[in-house]
Amino acid sequence: MNFRYRRWLATGVTLVAVAITLSMLKRTDESLGDASTFTGWTLLVSTCGLYLLGLRKRWITLRCGPVAAWMQMHVYLGTFACAVFLMHIGWPVRGLFEGILAATFAVISLSGMGLALLSRLTPRWLAAISQDYRLERIPTLQAKLAANAHRVAIESAQLGEGATLSEYYQRRLLPFFQSPRSLLYLLSPGGRRRRQLLRELDDLDRYLDSGGVENREELAAMVREKDNLDYHRALQTRLRWLFSLHVALTWALALMITVHVILVYKFQAVL
Amino acid sequence: MNPHTQQQDVRQPRPNPSKAWVCGYACLGAGCQTGPSGRGRCGMLEASAGPQTGCEVPLAEAVDDRPGSTAAAATCEELFRELGPCVPLRDNWYARRIRALQIAVLTAGLLLGILAIPRGEQILVPGSLASQHAQILSPGLDGPGCAECHPQSHSAFVGARTQDELCLHCHGDHLTGPNTGNPHDISWERLNQITRRSIGHPPSDLPVNFIAGETRSGERLESPQCATCHQEHQGSLHSLTRLSDQRCQACHRQKFTSFLQGHPQFKNYPESKPHRIAFDHSRHAEQHFAKQGVRFDCAGCHVRDDRQSAVGSVFRTLSFEKACASCHASAIGAAITEGWIAMQLPSLDLEDLTSKPSALAEWPNNARFGYQGNISPLLMLLLASDPQALQAIGELPGNGELGGVIAERRPQIARGLALAIRSLITEIDLHGSSAWKRRMRLGWQTALGREVSERESWLIDELSHGLSKDLFSYMRRLWFLDAANSQRRDPQKTFAELQVDSSDGISPSTHGNQDAPLLGDDLAEGAIRDSSELSALLAPQVEAPGMALEAAEVELLLGGPLAEEDDLWLESEKSTEDRVDVTGRGLDESRYRGWYLDEQLLSLNYAPSGHADRVMAAWIELTQIMSEEAAADVPAVDDGNALDLRRHLLSQQKIFTQCVECHQLVGKRTAGPWSRWQAVNEAAGTRRFTHFDHRPHLTLAATRDCKFCHVLQSSSHEGKPEPDFSLLVSRTKSEAGDDATSHVPHSGLGKVAGPDFGAISLQQCVTCHRPGGSEDACTLCHYYHIDASALSW
């Protein structure tokens, strides 16, 4: 079974499950039944299924299918849970505790959707760059690049064509090489600054001799590499932050769900 | 292989994914394979012999990314010497787990903190309560809080009550029926009956389309809980009574999209109900009002504009004084001028009396002109406890005329009646109210063959209202004692003078305008007690701003039957001054109202005070009770005399045409003291299935004219049934004494005046009540909790 077929199958199963749940919800409502209990238990079971991925990752000794398959199940089960969640909650959500619980679930759901989306788009974006970098190593590489750029700038100043390149380096490139990119760039990385710097470097050619042009070209290459590193770092950091957000709230969510279920049955009407 | 692009094979498990720490040189691409210890210490530092040899392999393959480094490769030992000791770093997944744990601990702490603080459970409330229930969780009240409605929430209340019981603990006053909790509070037998009736019929042929005990999806429906429809914790502004249309259609067989699309057509709406006032709108509009050139304005009788509201207060009927008196007061006044002869001494044959020595020598001379006169129904009741009189009454003809008795039996019957009447007057004179009431009740028991009910006893008290003991003293002394002494009274003497003349036995308190001395203290108290009762009854049932309304009032104003302003029972405390008509010309109606004696007719008369006279009403209602029981063929006693008495009473009753022409006296007798005289029908105050609020409609210019909805049907309309006045006709005939034996008394119950107005159609309503327009929810016009007794289907 190839990936594409599996995706279509999982999508179909999810849609059928949502349709069945909707139908049963309607039937329960028409029967003057307790629709909240029905959707609540469905949501609880599906949420518990979502936690299985974490167990599978932790218990590596259990060879019960590849993690990728579990991940796919997690994604589609999460989609189903989101649909049931919308059926379960009333709108607007009332009550402080209920509101926090719903908000937590919503944050986890949205971050999960974001992860599902970005985990498919990010590799495609990263593939546009010829080189791949591991996130842990990027700071070291950036530091080394900054040191090399600084060295080239000093050499250029010693070549005697004036302080044109070194002045420009000090004014424009030094902050670029030694400062981290802004939060906005982390959220939405782009190449505007890279193109601007390269254009300015090209404009310096009229003031440089052949040695200076070589240094300018070397600095331009470094600008490209620094921007690539920044781009890699932004995309990977964004993915990691989203994942951290997705994971960090899971235990709190489990705790609140437990309290919610206890409260529901503690305060349930006595027949 | 590009040194910068080392990639992990994702298909292979990580070397040690569960390790919490990674080598500090990893960021340089030179992390050692063994990594730090579980406590985050570098293995090289922990080993006493220096760097571990195992680190050499990966480090030798690592790319030296150290800033400024020129080395192509490095070992752990070289990095150790160049960069210093390795500072292990937390692995990402471990950091995430720690973070998740911290948040979970923080959450748990907050939850425990919430439960620890007083009233902290309110933070867990899934939404604030509706404003009507908000006080339950008010922090200022020291109540059980959540346990007020959730018996299981606190261990002390486990198993105490069900939640529905807790609901009814407070709301039981509104839901008192025996079937409370059933769908629509209707018994399952009735629901099953409706269901069986609906099976096999198209929905359009049925007044109601309901599947008892089943939902639309075919599941068995048990008695729904209160919370099934009344959803709490939806915010303070949430309406607990507002239900979705889907809830209603869960049980109803005919499903439709909206009020506009698919709602069953109205059938005879508003439903014709038994009216207590026989008012023919079309006849009034086309004949009476037209004849006088007066505009027939609905507001004249149904809207009172003396209230501060947009349209005034809307009533089903205003009071008699405001709505009817302008035309009918004079007719009533003329009808009551002569008064009602409650009891009269019959005229006897003097020769019979004198030829047979008896105690009747003292029979008044004015009543010695042969066998004339009749025994009135009231007198029959009073005499019925006397066996001799009862036997004599049994031999009277249907009209009670003494002259109608066969000649051979006439002296004996007349003698028996005369003795009984004299004994009656003497007894009441001596014993007062107790004797009167005892006689009335005994007579009632004899006539109906059963005990006197509480209401009948009350009616007897009302009948006695204003009746002075002095009148009986006067009767006894001047009609009998004086007659025996051959003392004739000067007819021109005033009652006051007579009182002086015969001071013994007549209370001095009867002088002047002092309060009427009634038959006894208990009777007087009863009259006073009833006055307050009537006052409460007469209070207009209209909205009092800022006041909590009774359920019936709410219904009246917010969609129930129209309100009622019925001050029928205006108290008429009259003086007993000069209650003797010595002239025989009738009492001056402007001064004398109530009980009085007619010296010429030797009768005890009653002059009604006008409209809404309680004595007359009590008597009419008493006679009607007897009529109803006769119509229902209530088995009476085996005593033939008792049956005869009832026959006489029914045939001779003098029901005032003026009263019953308008008052049909329908409805339950147990509804209220004077409920059958009120214009409001018996279903008013009960929750019917359909309700309508007039007020918002009357604020609109387009619908302000009542005729927009209430189209008056012409009195000459062929399809319009005529008002059923058969009851009145039959009574009138019986009054004339045409054929007493053939008359079968009718019960007024259920007599329905024909509909004056055309039925309102669904199209009139959907003009405004449609999606996107005015509200069209089921509950806008329909109650769920209804009074099943008001159902007509």
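Which of the residue pairs B:K291/B:K707; A:K57/A:K266; B:K267/B:K707; A:K57/A:K226 have a Cα-Cα distance greater than 26 Å in the structure shown? With Cα atoms farther than 26 Å apart: A:K57/A:K266; A:K57/A:K226. Under 5 Å from the amide H of B:F266 lie the amide H atoms of B:L762, each residue being 5 or more positions distant or on a separate chain, with H modelled from the backbone and absent for Pro and chain starts.
Within the listed set A:G95, A:G190, A:G112, the residue fluctuating most in the Gaussian network model of chain A (springs between alpha-carbon atoms under 10 angstrom) is A:G95. Phi angles of the range B:463-472 translate, via the Karplus equation with coefficients 6.51, -1.76, 1.60 and θ = phi - 60°, into HN-Hα couplings of 4, 7, 4, x, 7, 8, 5, 4, 4, 6 Hz per residue; Gly and Pro are given as x.
With both labels modelled 7 Å from their Cα along Cα-to-Cβ, the B:A290 to A:L86 distance reads 6.6 nm. A Gaussian network model of chain A, with springs between Cα atoms under 10 Å, assigns the largest mean-square fluctuation among A:S156, A:S166, A:S130 to A:S130. GNM remark for chain A: springs join alpha carbons under 10 Å apart, and the peak mean-square fluctuation among A:A146, A:A127, A:A248 falls on A:A127.
Each label point was placed 7 Å from the Cα along the Cα-to-Cβ direction; for A:S119 and B:E408 their separation is 12.2 nm.
Averaged over the residues of B:375-381, the number of partner chain Cβ atoms lying within 10 Å of the residue Cβ comes to 0. Taking all Cα pairs closer than 8 Å and separated by 6 or more residues, the relative contact order of chain A comes to 22 percent.
Modelled label positions at B:F256 and B:F708, each set 7 Å beyond Cα in the direction of Cβ, lie 2.2 nm from each other. Compared with the alpha-carbon gap, the fully stretched path from B:K322 to B:A299 is longer by 7.1 nm at 0.36 nm per residue.
In this structure, the amide hydrogen of B:W21, modeled 1.01 Å from its nitrogen in the peptide plane, lies closer than 5 angstrom to those of B:D91, counting only residues at least 5 positions away or on a different chain.
FYI, it's all coordinate maths here, none of it is from the lab. Quantities reported herein were computed from a predicted structural model and do not represent experimental measurements. Glycine gets a Cβ as well: all are built from the backbone with ideal geometry, and neighbour counts include every protein chain shown.
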